[in-house]
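These notes are about the structure you will find just below.
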Amino acid sequence: AQSVAQPEDQVNVAEGNPLTVKCTYSVSGNPYLFWYVQYPNRGLQFLLKYITGDNLVKGSYGFEAEFNKSQTSFHLKKPSALVSDSALYFCAVREGSAGFQKLVFGTGTRLLVSP
Amino acid sequence: GAGVSQSPSNKVTEKGKDVELRCDPISGHTALYWYRQSLGQGLEFLIYFQGNSAPDKSGLPSDRFSAERTGGSVSTLTIQRTQQEDSAVYLCASTPGAGGEQYFGPGTRLTVT
């Protein structure tokens, strides 16, 4: 079965500093990886995905993620954090065969950006 | 256009009662998913509908949980004889086809007293 791990329950960063939220994956075959964000009392919002191609994927709100096959990682990054980036972030991997697929989510990492 | 909608937004029920949670996916989306998010936890997959195929029910935690999707659109998640451990936020998501990025609704917060 496919899985992802988010080793940090919480990440603290000061506004204006770069941020990294970590994700590692365990898959058989080529990984299809996603990042989602959840703001308080809201559903999840799609940020970006890696299917194939460039290892650096750019997404919404200035976020990007770097796919590293040798380290089996897909860390989320942003060059300069905003207080409004404070939220819960989920990494996910697609599982299943063509035509019948679902996402398997990590446990989430809470990002807290201080002013 | 309109996103995924869920109703009710909040539901408080007594232990042992049945509840129904509703999800309206984005029009034209063929795939629909239900997840459960317990306090401080990640997302737990419950069930997945894809077109007219038989649903993937592998994530349903017990036979008290069931779901249906009528006419390939609206879905209802039913929890019978609710227990306190059923308290969670229930999220619905839809995709245009299998495997794409999922669009989530705002969730239904269920509290079983």
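Per residue, the accessible area of chain A comes to 48 Å² when a 1.4 Å probe rolls over the protein heavy atoms. Interface area, chains B and A: about 1600 Å² of buried accessible surface, summed, with a 1.4 Å probe and ligands, DNA and RNA left out. Net charge in the neighbourhood of A:Asp85 (other residues with Cβ under 12 Å of its Cβ; Lys, Arg +1, Asp, Glu -1) is +2.
The C-alpha radius of gyration of the protein assembly as shown, expressed as a fraction of 2.2 N^0.38 Å, stands at 1.02. Hull volume per residue, based on the alpha-carbon atoms of segment A:1-82 and their convex hull, is 111 Å³.
Put a plus charge on the Cβ of each Lys and Arg, a minus charge on the Cβ of each Asp and Glu, and nothing anywhere else: the dipole of the protein assembly as shown about its Cα centre is then about 100 debye.
Normalised by 2.2 N^0.38 Å, with N the number of residues, the alpha-carbon radius of gyration of segment A:30-77 equals 1.18.
With contacts taken as Cα pairs under 8 Å at a separation of at least 6 residues, chain A carries a relative contact order of 37 percent. Using only side-chain charges placed at the Cβ, +1 for Lys and Arg and -1 for Asp and Glu, the dipole size of chain B relative to its Cα centre rounds to 180 debye. Solvent-accessible area of segment A:3-114 (1.4 angstrom probe, protein heavy atoms only): carbon and sulfur portion equals 48 percent. Can you list the lysines whose alpha carbon sits under 29 Å from that of A:Lys102, skipping same-chain ones fewer than 8 residues off? By straight Cα distance, A:Lys102 reaches A:Lys22, A:Lys49, A:Lys58, A:Lys69, A:Lys77, A:Lys78, B:Lys11, B:Lys57. Taken over segment B:5-96, the convex hull of the Cα atoms encloses 92 Å³ per residue.
The alpha carbon centroids of segment B:1-17 and segment B:35-113 are separated by 11 Å.
Remark: segment B:85-95, residue by residue, has Karplus-estimated 3J(HN,Hα) of 6, 7, 4, 4, 9, 9, 10, 10, 9, 9, 9 Hz, where x stands for each Gly or Pro and the curve is 6.51 cos²θ - 1.76 cosθ + 1.60 at θ = phi - 60°. Carbon and sulfur: what percent of chain B's accessible surface (1.4 Å probe)? Ligands and nucleic acids excluded, carbon and sulfur give 45 percent.
The values are calculated or read from the model by the stated rules, or taken from the named source; none is laboratory data. Source: prediction; values computed, not measured. Neighbour counts are summed over all protein chains in view; Cβ atoms, including those assigned to glycine, are modelled from backbone coordinates with ideal geometry. Ligands, DNA and RNA are stripped out before the accessible areas are found, and what is left, the full protein with its side chains, is counted by its heavy atoms. Shrake-Rupley method; radii C 1.70, N 1.55, O 1.52, S 1.80 Å.
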